[in-house]
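The next block holds one structure in the form of structure tokens; read it before the comments.
The values are calculated or read from the model by the stated rules, or taken from the named source; none is laboratory data. Worth saying up front: this structure is predicted, and the values here are computed from it rather than measured. Here Cβ is always computed from backbone atoms with ideal geometry, including for glycine, and neighbour counts include all displayed protein chains.
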Amino acid sequence: MNAPAYTASMLAARFGLELRGEDHAITGVGTLADAGPAQLAFLANPRYRTQLVDTRAGVVVLREADVQGRQGSALIARDPYAAYAKIAALFEPKPTFAAGVHSTACVDPTARVDPAASIGPHVSIGAGSVVAAGARIGPGCVIGDACVIGEDCELVARVTLVTRVRLGKRVLLHPGVVLGADGFGIAMDAGHWIKVPQLGGVAIGDDCEIGANTTIDRGALDDTILENDVRLDNQIQIGHNVHIGAHTAMAGCAAVAGSARIGRHCLIGGGAGVLGHLEVCDRVIITAMSLVTHSIREPGEYSSGTPLMDNRSWRKSAARFKQLDRIARRLPGAEKDSE
Amino acid sequence: MNAPAYTASMLAARFGLELRGEDHAITGVGTLADAGPAQLAFLANPRYRTQLVDTRAGVVVLREADVQGRQGSALIARDPYAAYAKIAALFEPKPTFAAGVHSTACVDPTARVDPAASIGPHVSIGAGSVVAAGARIGPGCVIGDACVIGEDCELVARVTLVTRVRLGKRVLLHPGVVLGADGFGIAMDAGHWIKVPQLGGVAIGDDCEIGANTTIDRGALDDTILENDVRLDNQIQIGHNVHIGAHTAMAGCAAVAGSARIGRHCLIGGGAGVLGHLEVCDRVIITAMSLVTHSIREPGEYSSGTPLMDNRSWRKSAARFKQLDRIARRLPGAEKDSE
Amino acid sequence: MNAPAYTASMLAARFGLELRGEDHAITGVGTLADAGPAQLAFLANPRYRTQLVDTRAGVVVLREADVQGRQGSALIARDPYAAYAKIAALFEPKPTFAAGVHSTACVDPTARVDPAASIGPHVSIGAGSVVAAGARIGPGCVIGDACVIGEDCELVARVTLVTRVRLGKRVLLHPGVVLGADGFGIAMDAGHWIKVPQLGGVAIGDDCEIGANTTIDRGALDDTILENDVRLDNQIQIGHNVHIGAHTAMAGCAAVAGSARIGRHCLIGGGAGVLGHLEVCDRVIITAMSLVTHSIREPGEYSSGTPLMDNRSWRKSAARFKQLDRIARRLPGAEKDSE
């Protein structure tokens, strides 16, 4: 494969950046630490600013405020990370997939697969499901009954849509994703559990991305919903009837319990949890491994947990935590604080 | 598909409920917010009581205590959620599966598959495994050697039973479940790890349900055991030689480390953890994201963690947590509290 | 299958142990509680010392310090668990796999599969990938483009290597593992997310073991790296560009965010988290469900969280945690502690 041929000035023109210093041919991208003279690097995280001096990168995308630390050519961007993302996409190897249904795939006769869709090896597609043009269903995917896969969706490999799952356009599902499994609905009846039927579906908006081994259950009655442009990392668990607003992003291993409603433009940290039946308003940030135990009505950043300590010190603090109410009550005027 | 035809009085008779108000034909179920005049809704969670006034549902299943808030027909139940579950099951679309082995499935010649079992596309079944009548093995499942799948089990899709996994009757396994992988047994030997053979199996009782992408390792010597009617949500991790008592339910992302023993009728919250080699007695509730660090010998509810706070306030509390022992020691009489 | 025939004296000679008491034929291994007279058991965890009196095991592997509690034959080991691991391996049933490519597997014509590798049913292998001699690719695995699978690797079943994943020798991957999926790289641009191309790969060293449903994303530019002999339990999440040092072990559900660097010989507890772009030095222990929020430069044990309490007491402590800064400020001399 011949490397694509770009120059720094071409990239500046294409993405609305300002070139400082000499023009350079660019054949790829790299980190500040590793890029060579024909590669472009970027500086977004201040943590890596010290690498600016020694980088061999031909061009560096950075903020105006960082340009004085740069000897060679630079492309000035208000948001260097976003600018870099667009540039890097030019150099991304994109495998092409032949349209058509692989000979080992099993497609129900009542399913409709667009001739411009690509169905890979060992895929099965159930009754009444629809796959639109440009969609790619990778190896080993299982599509159940009554699912809809929109235009240009990509199911990388070994994705399962159980039933009544509807994907918008350009949805990207990574391996091991399970959408539309039974929500966890059980009721105690005379000492044993009975199952509550899960009659709803899952609706995923346009441009959503869902990470490897993430699970999103289908609704009990209504649907579980992701609005457009929701971005979920790996191993996230979304319970039945959750509603997630547009442009919200969640980091790995986060979990949202049933019927919670999360707003738009939220950022949920890794391993964070949201209890069921809560509401979180727009533009809320939850830090990693925090637990949301009540509804949040004000935008802002929220946290729970305790700081990391050496184990010996932590044991002392932890023992005192158990005594906290007694400790507080010893203080003059403490009673008025108690809830 | 014609909707099944029931009336409120038929449901009352069938499930031992009391009809108040006029009889109605019922063709389906819905939420209080969305059900129409031919649909049945229910009120169990008091959070939704305000929706009782405006609902258009033809019939509502509710507690005697809530009936005065209801204008139209009602079915009185001691447990409206359990009653609803039974009614909704009447309206659940149940795909039927043809008995027999799909042409793309690979079944070891020494495996025994009952003629009344259904083996889906791209399934493989290993040496000496047994599949009983009425069992359904969905697309892409992998059954290893020496497994037993009881009557009327359902493996929805892409489930893996590695080896020596025995399922009782009516066990329901959702996509991505992995049962019987090697337990995590390693021993340090001269600076590198050596693997401890995992010679046991996994035994799952009747009527268990295991959620998507949940993993249950097989035992090191004895088996990992789930008694009857254990209900596990998605992405739960169960280590080797864990024993879980009957009727215990665990919410998503909970984890139990090796050789822990959990009692009957326990409720383990989402993301909660149980350390290894502990015992938790019957009827224990663990709240979400708590960590069980010692055995529990009294029924009741247990918790760890700190409450959610705005990040600025949380930082102050977190900084003080590190000083807790020093703070406590300043108080008169504090020494006697220290452990 | 005939049980292998060993005697305690043979095992002593083979593994450098000392036999005390009579020699015995050993046909298998078991727990102290369940082993019979022809079986060998071990005592490593002091928790089980009380079982030494009643065990029916023919031989027990134990430390010199425990031998006085043993009536029958014993094998003395400095590390009984490691000695047991080696002995048990003699009795482990090892299925043999026929070399060659199963008729249902789909192998790209540009892939190279060694004739001494075993490729199972419903496997697909992408362009340019290489499978070395002795490797076993179990049922339902998906190998994408440009992957390398070293000698004697085992992919048990339903493993996915997305692209640019290189495995060393003797790597063991359990079902549901996903290596090389897109790292979670997104940048906000004019109110919606754009994807940051993930151009790197994943490099896994020799003798690594990766548990069921664990995910390791490929790097954004450089590779995500596991050095030799890293041992990961189930459902672990490793973000892009993470680097994990040799001989580090992580328990189930742990997670490491992007670009973190973890040293050698670390032990990361179950459910623990490590934030991105941090460094953790060699020989660090993180206890279960702790969150590493800053770099660690000293070997030792680290923790966060609060102890488990009955819910009623916990509620009181939790309420006081919110007041901690106010409480501390009431104390004489408290101000000097504040950060």
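One residue stands out in the stretch C:165-183 among those that are buried (at least 23 other Cβ atoms within 10 Å of the Cβ) and on the phi > 0 side of the Ramachandran plot: the one that is nearest to the other protein chains (Cβ to nearest Cβ), namely C:Gly176. For the stretch C:70-125: of the residues being farther than 30 Å from C:Leu17 by Cβ and among the β-branched types (Val, Ile, Thr), which is nearest to the other protein chains (Cβ to nearest Cβ)? Top of the filtered list is C:Thr104.
The requirement of being without any contact (Cβ under 8 Å) to a residue 12 or more places away in the chain and of a type in the set (Lys, Arg) is not satisfied by B:Lys86. Taking the conditions (1) at pLDDT 95 or above; (2) more than 22 Å from B:Ser313 (Cβ to Cβ); (3) not in a loop (DSSP other than H, G, I, E, B) in turn, A:Arg326 satisfies each one other than (1). Which of the residues that make up the stretch B:282-298 are part of a loop (DSSP other than H, G, I, E, B), under 22 Å from C:Arg47 (Cβ atoms) and either within 9 Å of another protein chain (Cβ to nearest Cβ) or at pLDDT below 95 (or both)? Correct list: B:Thr293, B:His294, B:Glu298.
The set of residues in the stretch C:124-135 that are over 24 Å from B:Gln198 (Cβ atoms) and surrounded by 20 or more Cβ atoms within 10 Å (Cβ to Cβ) comprises C:Ser124, C:Ile125, C:Gly126, C:Ser129, C:Val131. When B:Glu301, B:Glu279 are checked against the criterion of being more than 8 Å from every other protein chain (Cβ to nearest Cβ) and out of contact with any Pro (no Cβ under 8 Å at 6 or more places or on another chain), a single residue qualifies: B:Glu279.
Filtering the stretch A:184-196 for residues that are under 23 Å from A:Asp233 (Cα atoms), out of contact with any Asp or Glu (no Cβ under 9 Å at 6 or more places or on another chain) and surrounded by fewer than 24 Cβ atoms within 10 Å (Cβ to Cβ) leaves an empty set. Filtering the stretch B:62-97 to residues that are over 12 Å from B:Leu52 (Cβ atoms), more than 22 Å from the chain's Cα centre (by Cα), at pLDDT 95 or above and not in a helix (DSSP H, G or I) leaves B:Ser73, B:Leu75, B:Ile76, B:Ala77, B:Arg78. In this structure, A:Thr55 qualifies as in a loop (DSSP other than H, G, I, E, B), among the polar types (S, T, N, Q) and touching a residue at least 12 places away in the same chain (Cβ under 8 Å). A residue that is under 21 Å from B:Val177 (Cβ atoms) and surrounded by fewer than 23 Cβ atoms within 10 Å (Cβ to Cβ) can be found somewhere in the stretch A:140-154. Taking C:Gly270 as the residue in question, decide whether it is small (Gly, Ala, Ser), touching a residue at least 40 places away in the same chain (Cβ under 8 Å) and in contact with a strand residue (DSSP E or B) (Cβ under 8 Å, 6 or more places away or on another chain). The answer is no for C:Gly270. Taking each residue of the stretch A:307-323 that is at the interface with another protein chain (Cβ under 7 Å from one of its Cβ atoms) and farther than 20 Å from C:Arg312 by Cα and looking for partners that are of a type in the set (Asp, Glu) and part of a helix (DSSP H, G or I) with beta-carbon atoms closer than 6 Å, six or more apart or interchain, yields A:Lys316/B:Asp325.
Restricting attention to the stretch B:29-50, which residues are outside any loop (DSSP other than H, G, I, E, B) and either touching a Ser or Thr at 6+ places or on another chain (Cβ under 6 Å) or at pLDDT 95 or above (or both)? Listed by number, the residues that qualify are B:Val29, B:Gln39, B:Leu40, B:Ala41, B:Phe42. Take C:Asp207 and decide whether it is of a type in the set (Asp, Glu), at the interface with chain B (Cβ under 10 Å from one of its Cβ atoms), more than 26 Å from B:Gly271 (Cβ to Cβ) and surrounded by fewer than 24 Cβ atoms within 10 Å (Cβ to Cβ). Yes: the conditions hold for C:Asp207. Restricting the stretch B:220-252 to residues that are in a loop (DSSP other than H, G, I, E, B) and of a type in the set (A, V, I, L, M), the residue that is farthest from A:Gln237 (Cα to Cα) is B:Leu221. A single member of B:Gly191, B:Gly252, B:Gly219, B:Gly201 is under 20 Å from A:Gly271 (Cα atoms) and within 12 Å of chain C (Cβ to nearest Cβ), and it is B:Gly252.
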